[in-house]
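J.: Before we start, here is the structure in question, set down as C-alpha cells.
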Amino acid sequence: MSQLSLARWYAHTQGCGTPQVMRHWLADKGSLTLKLRARCQQFRVKRLHQQHARCLRDEAGVLGLAYPQQTWEREVLLYCDQMPMVFAHTVVPLAATANDWPLFSALGERSLGTTLFGDPLVQRGKLHFARLTPPHPLFQRALLALQRNGIAPPVTLELFARRCLYRRKQGLLLVTEVFLPWISELAPPAIAG
C-alpha cells in the first residue's frame, strides 16, 4: 500500500487546508445527526454493510492494534432530502464485547450518533481531520457507494473527513465521517422567532 493511500490526520481543521465553508461541519462537537436533521425535511440513514473486515492501515494504531486486523465494520450514507451528505465508516475491534457496545449490532438503519450522544457511559475523544484524495480507500468507498445508489459521484480530487475515537467500558469504536461536497449547500436551520 502506497503512502498516498494513507491520510494525514490533524488536530485542527486548518492543518488539512479545510475551506471556510466546511469548517463548521468538521469542527462542530455536537451530534452530526442533529445538525443534519435541522437542515432538511427528511433525514435518513442507509446502511451499506455491517460485517467483519480488516481495518485500514491508518486506523490500526488509533485502535491500539499493532497492525491492521479484522474488526467489525459498518458503513452508511447519511441523507438529507434524498441527497447523501456524509459517508460514515465505523470500526470496532473484535475484542470489544456486546457489553461494551450493546446496540452496535442491532442499529440497522438507525443513526449511530444518536446512540453515542445519548449514552452517559460513552467517552468521546478529540476530533481529528484529514483531506482524503483518490488513492485513499475511504475516498474510493464513498464514491463507489454513491454509484451503487444511483448518484453520479462528484468530480473532485479531495473529500474532507473527520474521525473520533469513542470509549465505552473496555471497548473502543472509531467513527470516520467523510463529508460529500453537497453538504456545503445545506442552508442553516431557520431561527424560530
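The values are calculated or read from the model by the stated rules, or taken from the named source; none is laboratory data. No experiment lies behind these values; they were computed from the predicted model shown. Cβ atoms come from the backbone with ideal geometry, glycine included; neighbour counts cover every protein chain shown.
J.: Hey, among Val155, Val76, which residue is assigned to a strand (DSSP E or B) and out of contact with any Cys (no Cβ under 8 Å at 6 or more places or on another chain)?
T.: Being assigned to a strand (DSSP E or B) and out of contact with any Cys (no Cβ under 8 Å at 6 or more places or on another chain) holds for just one of Val155, Val76, which is Val76.
So that you can scan it fast, the table gives a plain yes or no per residue for (1) surrounded by 13 or more Cβ atoms within 10 Å (Cβ to Cβ); (2) without any contact (Cβ under 8 Å) to a residue 24 or more places away in the chain; (3) out of contact with any strand residue (DSSP E or B) (no Cβ under 6 Å at 6 or more places or on another chain):
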position: Arg47; (1), (2), (3): yes, no, no
position: Gln50; (1), (2), (3): yes, no, no
position: Leu56; (1), (2), (3): yes, no, yes
position: Leu78; (1), (2), (3): yes, no, no
position: Met83; (1), (2), (3): yes, no, yes
position: Phe87; (1), (2), (3): yes, no, no
position: Leu103; (1), (2), (3): yes, yes, yes
position: Glu109; (1), (2), (3): no, no, no
position: Pro120; (1), (2), (3): no, yes, yes
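J.: Answer with yes or no whether Ala66 is of a type in the set (A, V, I, L, M) and surrounded by fewer than 14 Cβ atoms within 10 Å (Cβ to Cβ).
T.: Against the criterion (of a type in the set (A, V, I, L, M) and surrounded by fewer than 14 Cβ atoms within 10 Å (Cβ to Cβ)), Ala66 qualifies.
J.: I would also like to ask the following. At pLDDT below 95 and out of contact with any Gly (no Cβ under 6 Å at 6 or more places or on another chain): is that true of Tyr79 in this structure?
T.: Against the criterion (at pLDDT below 95 and out of contact with any Gly (no Cβ under 6 Å at 6 or more places or on another chain)), Tyr79 does not qualify.
J.: Among the residues of the range 126-145, which ones are of a type outside the set (A, V, I, L, M) and surrounded by 14 or more Cβ atoms within 10 Å (Cβ to Cβ)?
T.: His128, Phe129, Arg131, Thr133, Pro135, His136, Pro137, Phe139, Arg141
J.: State all residues of the range 121-152 that are more than 16 Å from Leu78 (Cβ to Cβ), out of contact with any Cys (no Cβ under 9 Å at 6 or more places or on another chain) and in a loop (DSSP other than H, G, I, E, B); if no residue qualifies, say none.
T.: Across the range 121-152, the qualifying residues are Leu121, Thr133, Pro134, Pro135, His136, Gly150, Ala152.
J.: Scan the range 165-181 residue by residue and report those that are part of a strand (DSSP E or B) and either farther than 16 Å from Cys16 by Cα or more than 11 Å from the chain's Cα centre (by Cα) (or both).
T.: Leu165, Tyr166, Arg167, Arg168, Gly171, Leu172, Leu173, Leu174, Val175, listed by residue number.
J.: Please go through (1) part of a loop (DSSP other than H, G, I, E, B); (2) touching a Pro at 6+ places or on another chain (Cβ under 9 Å); (3) within 25 Å of Thr18 (Cβ to Cβ); (4) among the aliphatic types (A, V, I, L, M) for Leu65 and return the number of the only condition it doesn't satisfy.
T.: Condition (3) is where Leu65 drops out.
J.: Could you tell me how many of the residues in the range 125-143 are without any contact (Cβ under 8 Å) to a residue 60 or more places away in the chain and touching a strand residue (DSSP E or B) at 6+ places or on another chain (Cβ under 8 Å)?
T.: Summing the residues that are without any contact (Cβ under 8 Å) to a residue 60 or more places away in the chain and touching a strand residue (DSSP E or B) at 6+ places or on another chain (Cβ under 8 Å) in the range 125-143 gives 3.
J.: Based on this model, can you work out whether Pro188 counts as in contact (Cβ under 8 Å) with a residue 40 or more places away in the chain, part of a loop (DSSP other than H, G, I, E, B) and farther than 19 Å from Ala11 by Cβ?
T.: yes
J.: I need the full set of residues from the range 134-183 which are within 19 Å of Leu36 (Cβ to Cβ), at pLDDT below 95 and polar (S, T, N, Q), in order please.
T.: Once the filter is applied, which keeps residues that are within 19 Å of Leu36 (Cβ to Cβ), at pLDDT below 95 and polar (S, T, N, Q), the range 134-183 yields only Asn149.
J.: Which condition from (1) loosely packed, with under 14 Cβ neighbours inside 10 Å; (2) touching a residue at least 24 places away in the same chain (Cβ under 8 Å); (3) more than 18 Å from the chain's Cα centre (by Cα) is the one that Ile151 breaks?
T.: It fails just one condition, (1).
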